[in-house]
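Sharing a structure, written as structure tokens. Questions coming.
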Amino acid sequence: MASYRPYKPAYARPARKLETFERPTLPAVVVDAVLRFHDEEQDQGAGRTLLRLSQRRLRDKELRAALGELTQRAANVSILWNEREGEIIRVLEAA
């Protein structure tokens with residue numbers, strides 16, 4: 001009859017703190033503001049457009065009232081927009 005060794009779990013490394021690696025999730029209000037107030041459009045071909053806020057638009061009182069503290073974060077956000085379907089393909093945020 002065969003004898004079995006008792007189960008011994010493998011060494012597990014301690015978990016890393018993710019706060020140092022990840023930024024907080026982009027609030028929906030920022031995406032909404034870029035969609036509503038964008039003033040820069042760059043054609044990407046195949047019915048896709050990149051939407052952004054210009055520096056001049058970021059100084060606008062209406063936009064600052066809508067975003068408050070998130071205005072600087074909105075400066076780094078671009079939205080890849082599908083013109084044919086009328087929907088967001090991807091939200092990009094510069095680091």
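The values are calculated or read from the model by the stated rules, or taken from the named source; none is laboratory data. Just so it is clear, the model here is predicted, and its values are computed rather than measured. Quick reminder, even Gly has a Cβ in these numbers, built from the backbone with ideal geometry, and neighbours come from all protein chains shown. Heavy atoms of the whole protein, side chains included, go into the accessibility calculation; ligands, DNA and RNA do not. Shrake-Rupley method; radii C 1.70, N 1.55, O 1.52, S 1.80 Å.
Just give me the residues in the range 74-94 being without any contact (Cβ under 8 Å) to a residue 60 or more places away in the chain and open to solvent by 40 Å² or more (accessible area, probe 1.4 Å), in sequence order.
76, 81, 83, 84, 85, 86, 87, 88, 89, 90, 92, 94
While we're here: Name every residue in the range 37-73 that is of a type in the set (A, V, I, L, M) and either under 20 Å from residue 26 (Cα atoms) or in contact (Cβ under 8 Å) with a residue 40 or more places away in the chain (or both), in order of residue number.
Across the range 37-73, the qualifying residues are 50, 51, 53, 58, 63, 65, 66, 67, 70.
Among 50, 63, which is the only one that is out of contact with any Phe, Trp or Tyr (no Cβ under 7 Å at 6 or more places or on another chain), under 18 Å from residue 91 (Cβ atoms) and open to solvent by less than 60 Å² (accessible area, probe 1.4 Å)?
50
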